[in-house]
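Worksheet: one structure, shown below.
The values are calculated or read from the model by the stated rules, or taken from the named source; none is laboratory data. Note that this is a predicted model, so its numbers are computed, not measured. In this analysis, Cβ positions are derived from the backbone assuming ideal geometry, glycine residues included, and neighbour counts consider all displayed protein chains.
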Amino acid sequence: MAKKVLVSGGAGYIGSHVTVELISAGYDVVVADNMSNCDMTCFEGVKKITGKDDIPFYQIDCCDFASVNRLFTEHEIDAVIHFAAFKAVGESVAEPIKYYRNNLVSFLNILEVAKSHGGCNVLFSSSATVYGEADILPVTEQTPRLPATSPYGNTKQMCEDILRDVVKATTGSENVINGIALRYFNPIGAHPSALIGELPRGVPNNLVPFITQTAIGKRECLSIFGNDYPTEDGTCLRDYIDVVDLAKAHVAAVSRMIDGKMKNGYEVFNVGTGRPVSVYELVRAFERVNGIELNYKFVDRRPGDVVAIWAETTLANNELGWKAERTVEETLASAWAWERNLSLLQK
Ligand code: UFG
């Protein structure tokens, strides 16, 4: 019988791509989402791409213990991938209580329910933000985490620690929790079908949705935050990971847990390409690949941005048997195809 994976936050940007890859790898998937930061566009896209009309979908809030408990009662869950969280850095600074309550309580509920149902494999979606402004680049999983600069970043660190501690406490018991934290670098792009992709509400915080919205005319001008950083062209360096590649890393990590291949009960992997790309390079690559002239200007630095971060990916390559494959050009073409298709889907 196919193994079953619960994807919390499965109607969102990364969750929808992961759902597609899980299904194409032969897993059964249960999707839970409170729809606080998305609509049904991506979930409908998932059904079209996979040709599966009967993916169980629960509109629930993981902060509600009884709802999470119902999921585990109605389904034999072999693994959980937990995406359901708020993710806007600036908003988290303004509304820390909202962020701590949502991001911590939902994860605690998942863990407590999973444990009470006999244990489970739990994959937590963490972030490169846990490294902060690292001294030595690229960062490895051993690079020390630095104090978080936002409540959002702090919730990522805290959830990693919670998972580690729960794994430790349940090891050898009848209710074993195994855990993997994947630290994403900068996820961008969309599925090649252009049926699912990033769907920011309001003004995008992140670079690529801002670029595509400027290209399509929803935004007048892209502001590039700072060109006086100590980098070759003066703009920040990031490790942009294609969202489909990222989704495949989740499948590899889930299989590792389910197939009993873990070397430790709690493991951490960087998920990036290992290649730094500057903001300016990314903007120029978008223009080149898509034959578009973008309206952009250089403005002051954005407070809180690190100068540079990119991943050492050897551990994920060797242990997960996973490697980023799509080129940044393919990814930027997919982001543009999604933006154009979205204007048709939402007409
Ligand atoms: N940028 C611009 N203009 C924009 C948006 C972004 O120049 O309109 C620049 C940023 O200054 C940064 C780069 O593009 O140099 C990437 O910015 P993003 O906002 O797309 O991504 P970040 O690297 O800031 O964000 C990532 C993750 C978050 C995480 C954060 C922590 O997306 O989940 O790092 O720093 F919390």
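Mind listing just one residue for me: the one in the range 297-332 that is among the hydrophobic types (A, V, I, L, M, F, W, C) and assigned to a loop (DSSP other than H, G, I, E, B) and, of those, farthest from the ligand (Cβ to nearest atom)? Quick ask: steps written out before the conclusion?
Within the range 297-332, the first condition is being among the hydrophobic types (A, V, I, L, M, F, W, C), and the residues that meet it are 298-299, 306-311, 315-316, 320, 322, 324, 328, 332.
Retained after the next criterion (residues that are assigned to a loop (DSSP other than H, G, I, E, B)): 306-307, 309-310, 322, 324.
Details: Val306: 6, Val307: 9, Ile309: 7, Trp310: 11, Trp322: 20, Ala324: 16 Å.
That would be Trp322.
Out of everything in the range 200-227 that is away from the ligand (no atom under 11 Å from the Cβ) and either assigned by TED's automatic domain parsing to the domain that holds Gly291 or modelled with pLDDT of 95 or more (or both), what residue ends up being nearest to Phe298 (Cα to Cα)?
Ranking the candidates gives Glu220 first.
What number of residues in the range 256-291 are polar (S, T, N, Q) and surrounded by fewer than 18 Cβ atoms within 10 Å (Cβ to Cβ)?
1
State the number of residues belonging to the range 123-142 that are buried (at least 19 other Cβ atoms within 10 Å of the Cβ) and touching a helix residue (DSSP H, G or I) at 6+ places or on another chain (Cβ under 6 Å).
7
Which members of the range 270-306 meet the condition of being polar (S, T, N, Q) and either free of Cβ contacts under 8 Å to residues at least 60 places away in the same chain or in contact with a Pro (Cβ under 6 Å, 6 or more places away or on another chain) (or both)?
Looking only at the range 270-306, we keep the residues that are polar (S, T, N, Q), and these are 270, 273, 278, 290, 295.
Of everything in the range 270-306, just one residue is polar (S, T, N, Q) and either free of Cβ contacts under 8 Å to residues at least 60 places away in the same chain or in contact with a Pro (Cβ under 6 Å, 6 or more places away or on another chain) (or both), namely Ser278.
If we scan the range 319-340, do we find a residue that is at pLDDT 95 or above, touching a strand residue (DSSP E or B) at 6+ places or on another chain (Cβ under 8 Å), crowded, with 18+ Cβ neighbours inside 10 Å and within 19 Å of Asn227 (Cα to Cα)?
No, because not a single residue in the range 319-340 is at pLDDT 95 or above, touching a strand residue (DSSP E or B) at 6+ places or on another chain (Cβ under 8 Å), crowded, with 18+ Cβ neighbours inside 10 Å and within 19 Å of Asn227 (Cα to Cα).
Considering the range 19-38 alone, what residues qualify as being buried (at least 24 other Cβ atoms within 10 Å of the Cβ) and in a loop (DSSP other than H, G, I, E, B)?
Asp33
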